[in-house]
Amino acid sequence: MTTTAAPTARKPATMAQALSRALRDAMADDPTVHVMGEDVGALGGVFRVTDGLVKEFGEDRCSDTPLAEAGILGTAVGMAMYGLRPVVEMQFDAFAYPAFEQLVSHVARMRNRTRGAVAMPLTIRIPYGGGIGGVEHHSDSSEAYYLATPGLQVVTPATVEDAYGLLRAAIASDDPVVFLEPKRLYWSKADWSAEAPTPVAPIGRAEVRRRGSSATLLTYGPSLPVCLEAAEAARAEGWDLEVVDLRSLVPFDDDTVCASVRRTGRAVVVHESGGFGGPGGEIAARITERCFHHLEAPVLRVAGFDIPYPPPMLERHHLPGVDRILDTVARLQWESRWTEGRGE
Amino acid sequence: MTTTAAPTARKPATMAQALSRALRDAMADDPTVHVMGEDVGALGGVFRVTDGLVKEFGEDRCSDTPLAEAGILGTAVGMAMYGLRPVVEMQFDAFAYPAFEQLVSHVARMRNRTRGAVAMPLTIRIPYGGGIGGVEHHSDSSEAYYLATPGLQVVTPATVEDAYGLLRAAIASDDPVVFLEPKRLYWSKADWSAEAPTPVAPIGRAEVRRRGSSATLLTYGPSLPVCLEAAEAARAEGWDLEVVDLRSLVPFDDDTVCASVRRTGRAVVVHESGGFGGPGGEIAARITERCFHHLEAPVLRVAGFDIPYPPPMLERHHLPGVDRILDTVARLQWESRWTEGRGE
Amino acid sequence: MTVLEQPGSSRHTSGLASPPPAWRPRVDPAPLLPDAEPYRLLGTAAARRLDPGLLKRLYTELVRGRRYNTQATALTRQGRLAVYPSSTGQEACQVAAALALQEQDWLFPSYRDTLAAVARGLDPVQALTLLRGDWHTGYDPYEHRIAPLCTPLATQLPHAVGLAHAARLKGDEVVALAMVGDGGTSEGDFHEALNFAAVWQAPVVFLVQNNGFAISVPLAKQTAAPTLAHKAVGYGMPGRLVDGNDAPAMHEVLTEAVRRAREGGGPTLVEAITYRVDAHTNADDATRYRSEAEVETWRAHDPIALLERELTDRDLLGDEFAAATRDGAERLAADLRERMHTDPQLDPMDLFDHVFTRQTGQLRSQAAQLRAELDAEAEGHPETATGTAAPAQEARP
Amino acid sequence: MTVLEQPGSSRHTSGLASPPPAWRPRVDPAPLLPDAEPYRLLGTAAARRLDPGLLKRLYTELVRGRRYNTQATALTRQGRLAVYPSSTGQEACQVAAALALQEQDWLFPSYRDTLAAVARGLDPVQALTLLRGDWHTGYDPYEHRIAPLCTPLATQLPHAVGLAHAARLKGDEVVALAMVGDGGTSEGDFHEALNFAAVWQAPVVFLVQNNGFAISVPLAKQTAAPTLAHKAVGYGMPGRLVDGNDAPAMHEVLTEAVRRAREGGGPTLVEAITYRVDAHTNADDATRYRSEAEVETWRAHDPIALLERELTDRDLLGDEFAAATRDGAERLAADLRERMHTDPQLDPMDLFDHVFTRQTGQLRSQAAQLRAELDAEAEGHPETATGTAAPAQEARP
Ligand SMILES: Cc1ncc(C[n+]2csc(CCOP(=O)(O)OP(=O)(O)O)c2C)c(N)n1
Ligand SMILES: Cc1ncc(C[n+]2csc(CCOP(=O)(O)OP(=O)(O)O)c2C)c(N)n1
Ligand SMILES: [Mg+2]
Ligand SMILES: [Mg+2]
């Protein structure tokens, strides 16, 4: 069972279905790929991403583990040492925290500490972010923790096509990937040629989702649709916004990002994760370091507030929305022309 | 036994001794203060910070726990719920990772999730950073994880006096404090009036350690002495550097930092922690957001490389040193006067 | 007694050589081991000695509890609860946990244990805020000494240990009872909590509701232990195995464990054999991993029916008492229904309170930003006005 | 059999009522329980049957091991090792762990178990790089199938389980033996690893070296369990208790557990009662937490002396063999001394290799920065020239 079937018409699929398909194809193509986690078997995962895998590949290849995240990731490390390519599912963002020590002290460092002798071809799938009405501990945006950990690749899809392509690339990678799945996009749909999908390779390339000239919105995962909506709405205000989907937080695609910002001269980073110490600070800082002469205004950020994730009935006030993005774009010093003639 | 004795002459003390004294005074002043952790009893901690406490206050107030960091922090949460003020010692930075879930999902959120009903007056002491020739897992700079976690205060002393003052303030705080102790400053000495030391209050104030006019070095903990040394060395190059000791990463003292940067117009953030996703990105981004018009150059960063912490024999190449700081200061666009006349 | 069948394994250990110097068996393991069969009272001769008052009290609570469960489940269908993890079938565990405690004691419930909290006296509406979605913890934990409902599995167990330990240090006779599921016993926090409790001899009772499943994962994939109660011996505490659907047995075992803890006898691990009759939550599809036939065998072992049989046998279930019980349960349901059908009044500005004791400057400015947005919204866009709760769509604890 | 002394606790469980439907005892706990006394052979009648070849092999390894320990300790004083956690007194555990394994098997050592790695065939200089400070793991784990020395306590245990499980899935007859200290058993990872191993029936042997202390913390503050081996029953695997200073007993128990694992019998937990005769590491001050008298009683139970007595009794310790053994050990020490007195040649540019399979652009530019600094340094500041290793000052695993 390979993915070489002839392409047929594009059909609508959800992101969850695309992820599911990526797992299935990867398992079919490579017998060393093993899926493991809580409820990934008969139930097919609480988001149904592993639906059908146990039927097709058996319990040894798709196994319900005991309920212990450090144990799941820790045993996956050992399986990887023996040549397998484990794909671990953490049930929700906050439930990956018990595995933090295994992730930081082992998964991220194994290759380095053994001078390349022991590879860690591990994919750690983590549904993340809010917007689904989840109760406490079910809506964390935990990416800041992962991107501050050298040795991890951190990848997150925002489209149905990327969900497939990036997950295939992650599983194929010989280095560990924290694969962040935006929960509220699981049910997002797109026409998608499910018959001949392709991996995205290499990991580490951002994608310009919308061309524009006034300013750049830099975003990823759950906030991409919001940014695209904001860009549409911005036309009414006379702004032509470019939208860049980072896709990979590590490695970070400075080239694509800086090329965009140099062209537009203004940028806003948008993410759900808390602002303070979140990815936006890093992104804004590195853009400023590299594109200072091109900036007409400081790189601004629209992020979740610096508070524990709110209860479902209040979450819409926390999440970056179209209005908040537009308000921030408005603060990009459109009037001040004092910078004129300053740059290259 | 209180701290109200009359002040006498200043005597030299190490940072470890000042910390030790802070614990003792806090325990003497407040019977609800309990010290707990691995080897904090008879041994006095591997860095001897808890030396003598068990003798003075008994095993109930200073207790050797079983070897389980999640258990230590988790039981401390319960003790805090019952009105105690636990001071937890994590033996080394990397050994706090097993307690990550308790920290993020409970310690940081307890007050918020109970609308203020349950306070978490917990201090979590974590020796951090490198430069002591420690083997693998003994030299992590883990502050990025903590400052991305809303609900935690994150504090780190760089001087003997602050070690006492900040630890007293942390223990007195009704909110949790991750108290990061720079390992390689444990044996740093300063004259210190140990008879009448005072808490630093409130937590959240940076301190200008050296006045200067050319540029601002922003730093904290283990890198403060390096920055002060760099500032001295910079005089030979004609730079008069200001050095700000942040002391508290959360809450962040925007006022002191921005006042300095607005005066000097240039800034470099210096820390041992990896650059990518580290505190420097946040600091640089928020300065740029607030002081864009005053900046003659982008805020630059000198940080550890984005690699797992090196083995001891190579660590000096990783740690930000005087030369690397000066090289970075040199890149602050001293010649380009294109920004002239640009200000507010 | 070893499976390794070493020749001479236990025969040559005395006399000829001295054992390793520091070696001494610390406690006798035998009394720590659970019985081979779950402890039961209903349907046995021992049930005769049970106090009629207690049996009637338990029955009232079970019936109320069942009604609470069905009402809460109904509220999910009406969009009034985001999610509800039902304890239908597990009411005997829930009720016994609450009744075994005295006023000064503490209960540490998980997301599934709102009924235990309600049976301890908590207002059901307050117990359900987490699952309605208006606030995480809807009650002051100090009021009834009920810790926040805990979602990250087993993480509440060390809290219970720490609290009980602190109380003991202070000289207060407080016992903490902490609840966890069979799945939760696999977590590291379970291990660490039980170990701390035993080392500290903390007054804690650990109640494992073994309801056969952790969402879809059956017990056989969770553990290979003879029973979960056997884990106790590895910590040096007694393990007890009980029929979790036998309310008086549950009550007796828990009461005894609480008494022992209070008297300084240290912690106990109690495994209650029970069954989750409903799906994991209303959002779960249990047909994917278990058969209706299995559920049926357990329905036949229903905690209310078991107790009813005993009451009937002993002529304790008069018409009047039965009717009063039913009425009480209906009153609870009606009250809950009514109050849950009102939208909670929420103030988004609450988001910034209680992150810290005093708001930081950073939070003050974020609060100001939201305030300005809300004001603008109130003026310009009535359709997104604040104060109205957007109904939560989906949530799984 | 319960400490709760419930009237009727185990008397009324049969006949009258049906047990809860899904209830069935899964395995018989009795065979899982460890013996009441640690298993010993030396000094017992059973020792007679032991193969002379094995005894001599063990003796050679113990003597070599002791010499390795003293040499490594000496190297810390000479500034050639940053730190050394000695296994003096624990050589029987170390050697038996290595010898119980076959070539295709895997060893998962902790920081204290470099001797086990050396006894398995690893070059001592490679085993010691972590503690010298030139690189974290100084060997290719695949060469001798020895996982990296693990410092975060108990975190290597799930790795062993995963590896053994993967091998079994692949149909390879590979056993993993994982080593952990008494202190390490308190960590959540210990619990999770043992549980996974038992559920998966993975071919793993867990060897707990109970040396009485976790740095300064004595066993009594670590656990209240009858023995650490009793933890096995809570996972449904057999627990074995052995005199850890009795090399043939250790060898027999581990060999048997390895055989059982290989044959599909699942994991075993072995607790070896031993003692850490030296301080935790050279940086530790053991006088702060234990008496010289206690150490003396254990010196009298020295693994080498115990085995020597048996060899002498059976006339197996001829002058020639004794001398050859001593000489072999001295050769190891001399070789180690000599090679450790040479500064390792290090290339700082290595820092950027192997973070990922391919260097990212970000790391390439950081590498270029360091390269430039090193070049400048080499020109301008000879005193800080690269390539020379700055001696590590202090480090504690
Ligand atoms: C640390 C953690 N991991 C995963 C989850 C997701 N989750 C919620 S309930 C559940 C199953 C729990 O099963 P069990 O402990 O038996 O309790 P039950 O739901 O049967 O009452 C899982 C996996 C969680 N809440 N916390
Ligand atoms: C997770 C973790 N916490 C703390 C430490 C620090 N530490 C190193 S060794 C040690 C004691 C370990 O005792 P034990 O498991 O009995 O092994 P032993 O040193 O006696 O061989 C401690 C606390 C660590 N290495 N890892
Ligand atoms: Mg369950
Ligand atoms: Mg030990």
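The values are calculated or read from the model by the stated rules, or taken from the named source; none is laboratory data. Since the structure is predicted, the reported quantities are computational estimates derived from the model, not experimental observations. Virtual Cβ from ideal backbone geometry, glycine too; neighbours counted across all protein chains shown.
Would you pick out the residues in the range C:276-310 that are more than 14 Å from ligand 3 (Cβ to nearest atom) and part of a loop (DSSP other than H, G, I, E, B)?
Selection gives C:ASN282, C:ALA283, C:ASP285, C:SER291, C:ALA300, C:HIS301, C:ASP302.
For the list (1) farther than 25 Å from D:ALA197 by Cα; (2) within 10 Å of another protein chain (Cβ to nearest Cβ); (3) out of contact with any strand residue (DSSP E or B) (no Cβ under 7 Å at 6 or more places or on another chain), I need the number of the one condition that C:GLU263 fails.
Exception for C:GLU263: condition (2).
So, of the residues in the range C:189-217 that are under 13 Å from C:GLU271 (Cα atoms) and not in a strand (DSSP E or B), which turns out to be nearest to ligand 3 (Cβ to nearest atom)?
The residue in question is C:ASN211.
Between a residue in the range D:41-56 that is at positive phi and any residue that is at pLDDT 95 or above, which pairs come within a Cβ distance under 9 Å, given they are 6 or more apart or on different chains?
Note: pairs meeting the criteria are D:GLY43/D:ASP246; D:GLY43/D:LEU306; D:GLY43/D:ARG309; D:GLY43/D:GLU310.
Which residues, taken from the range C:205-220, are more than 15 Å from the chain's Cα centre (by Cα) and more than 10 Å from chain D (Cβ to nearest Cβ)?
The answer is C:ILE215, C:SER216, C:VAL217.
When only residues in the range B:250-267 that are of a type in the set (A, V, I, L, M) and in contact (Cβ under 8 Å) with a residue 40 or more places away in the chain count, which is surrounded by the most Cβ atoms within 10 Å (Cβ to Cβ)?
The selected residue is B:ALA267.
Considering (1) more than 27 Å from D:ALA30 (Cβ to Cβ); (2) within 16 Å of ligand 1 (Cβ to nearest atom), say which one C:GLN201 fails and leave the rest.
Condition (2) is where C:GLN201 drops out.
Among the listed residues C:TYR111, C:TYR84, C:TYR139, identify the single one that is within 14 Å of ligand 1 (Cβ to nearest atom), farther than 28 Å from C:ARG240 by Cβ and hydroxyl-bearing (Ser, Thr, Tyr).
C:TYR84
Out of the residues in the range C:173-215 that are of a type in the set (D, E, K, R) and more than 16 Å from ligand 2 (Cβ to nearest atom), state the one that is farthest from C:ARG120 (Cα to Cα). Please lay out each step first, then the result.
Here is the first cut: in the range C:173-215, the residues of a type in the set (D, E, K, R) are C:173, C:182, C:187, C:189, C:192.
Those left that are additionally more than 16 Å from ligand 2 (Cβ to nearest atom): C:173, C:182, C:187.
Numbers: C:GLU173: 18, C:ASP182: 23, C:GLU187: 27 Å.
Per the stated criteria, the residue is C:GLU187.
Here is a list: C:THR268, C:THR255, C:THR274. Which entry is modelled with pLDDT of 95 or more, in contact with a strand residue (DSSP E or B) (Cβ under 7 Å, 6 or more places away or on another chain), more than 30 Å from A:LEU43 (Cβ to Cβ) and within 14 Å of chain D (Cβ to nearest Cβ)? Reasoning before the result, please.
Numbers: C:THR255 fails: in contact with a strand residue (DSSP E or B) (Cβ under 7 Å, 6 or more places away or on another chain); C:THR274 fails: more than 30 Å from A:LEU43 (Cβ to Cβ).
After applying the criteria, what remains is C:THR268.
Kindly indicate whether any position in the range B:66-74 is among the charged types (D, E, K, R) and over 19 Å from the mean Cα position of the chain (by Cα).
Yes: one or more hits.
Collect the residues in the range C:209-264 that are of a type in the set (Lys, Arg) and touching a Lys or Arg at 6+ places or on another chain (Cβ under 9 Å), keeping them in residue-number order. Reasoning before the result, please.
Narrowing the range C:209-264 to residues of a type in the set (Lys, Arg): C:221, C:231, C:240, C:259-260, C:262.
Once the filter is applied, which keeps residues that are of a type in the set (Lys, Arg) and touching a Lys or Arg at 6+ places or on another chain (Cβ under 9 Å), the range C:209-264 yields only C:LYS231.
May I ask you to list the residues in the range D:129-178 that are in a strand (DSSP E or B) and among the aliphatic types (A, V, I, L, M)?
D:ILE146, D:ALA176, D:LEU177, D:ALA178
For the structure I just gave you, tell me whether D:GLY65 is at positive phi and at pLDDT 95 or above.
Against the criterion (at positive phi and at pLDDT 95 or above), D:GLY65 does not qualify.
Given the conditions (1) surrounded by 24 or more Cβ atoms within 10 Å (Cβ to Cβ); (2) within 14 Å of chain D (Cβ to nearest Cβ), report the number of the one that B:ALA330 does not fulfil.
It fails just one condition, (1).
Looking at C:ALA202, C:ALA154, can you tell me which residue is among the aliphatic types (A, V, I, L, M), over 16 Å from the mean Cα position of the chain (by Cα) and surrounded by 24 or more Cβ atoms within 10 Å (Cβ to Cβ)?
C:ALA202
I'm told C:ALA160 meets every condition in (1) more than 25 Å from C:PHE213 (Cα to Cα); (2) crowded, with 23+ Cβ neighbours inside 10 Å; (3) within 14 Å of chain B (Cβ to nearest Cβ); (4) not β-branched (Val, Ile, Thr) except one. Can you identify the failing condition by its number?
It is condition (1) that C:ALA160 fails.
Name the residue, out of B:GLU136, B:GLU143, B:GLU161, that is within 14 Å of chain D (Cβ to nearest Cβ) and out of contact with any Cys (no Cβ under 6 Å at 6 or more places or on another chain).
B:GLU136
Given C:ALA127, C:ALA193, C:ALA98, which one is within 14 Å of chain D (Cβ to nearest Cβ), without any contact (Cβ under 8 Å) to a residue 60 or more places away in the chain and surrounded by 24 or more Cβ atoms within 10 Å (Cβ to Cβ)?
Every option except C:ALA193 fails the conditions.
Considering A:VAL77, A:VAL107, A:VAL118, A:VAL88, which residue is within 14 Å of ligand 1 (Cβ to nearest atom) and either within 7 Å of another protein chain (Cβ to nearest Cβ) or out of contact with any Asp or Glu (no Cβ under 8 Å at 6 or more places or on another chain) (or both)?
A:VAL88
When the residues of the range D:259-275 are narrowed to those that are farther than 30 Å from C:VAL270 by Cβ and surrounded by fewer than 24 Cβ atoms within 10 Å (Cβ to Cβ), which ends up farthest from ligand 3 (Cβ to nearest atom)?
So the residue we want is D:ARG259.
Could you look through the range B:92-119, keep only residues that are touching a Gly at 6+ places or on another chain (Cβ under 7 Å) and in a loop (DSSP other than H, G, I, E, B), and pick out the one that is farthest from ligand 3 (Cβ to nearest atom)?
My answer is B:ALA108.
What about A:THR65, is it within 12 Å of chain D (Cβ to nearest Cβ), buried (at least 23 other Cβ atoms within 10 Å of the Cβ), of a type outside the set (Phe, Trp, Tyr) and more than 30 Å from B:PRO310 (Cα to Cα)?
Working: within 12 Å of chain D (Cβ to nearest Cβ): yes; buried (at least 23 other Cβ atoms within 10 Å of the Cβ): yes; of a type outside the set (Phe, Trp, Tyr): yes; more than 30 Å from B:PRO310 (Cα to Cα): yes.
The answer is yes for A:THR65.
Conditions tested, residue by residue: (1) within 10 Å of chain D (Cβ to nearest Cβ); (2) more than 16 Å from ligand 3 (Cβ to nearest atom); (3) among the aromatic types (Phe, Trp, Tyr).
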{"residue": "C:ASP140", "(1), (2), (3)": "no, yes, no"}
{"residue": "C:CYS150", "(1), (2), (3)": "no, no, no"}
{"residue": "C:LEU153", "(1), (2), (3)": "no, no, no"}
{"residue": "C:GLY181", "(1), (2), (3)": "no, no, no"}
{"residue": "C:GLU187", "(1), (2), (3)": "yes, no, no"}
{"residue": "C:GLN222", "(1), (2), (3)": "yes, no, no"}
{"residue": "C:TYR235", "(1), (2), (3)": "yes, yes, yes"}
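Test C:ARG112 against the stated conditions and say whether it is more than 16 Å from ligand 4 (Cβ to nearest atom), assigned to a loop (DSSP other than H, G, I, E, B) and surrounded by fewer than 24 Cβ atoms within 10 Å (Cβ to Cβ).
On the way: more than 16 Å from ligand 4 (Cβ to nearest atom): yes; assigned to a loop (DSSP other than H, G, I, E, B): yes; surrounded by fewer than 24 Cβ atoms within 10 Å (Cβ to Cβ): no.
So C:ARG112 fails the test.
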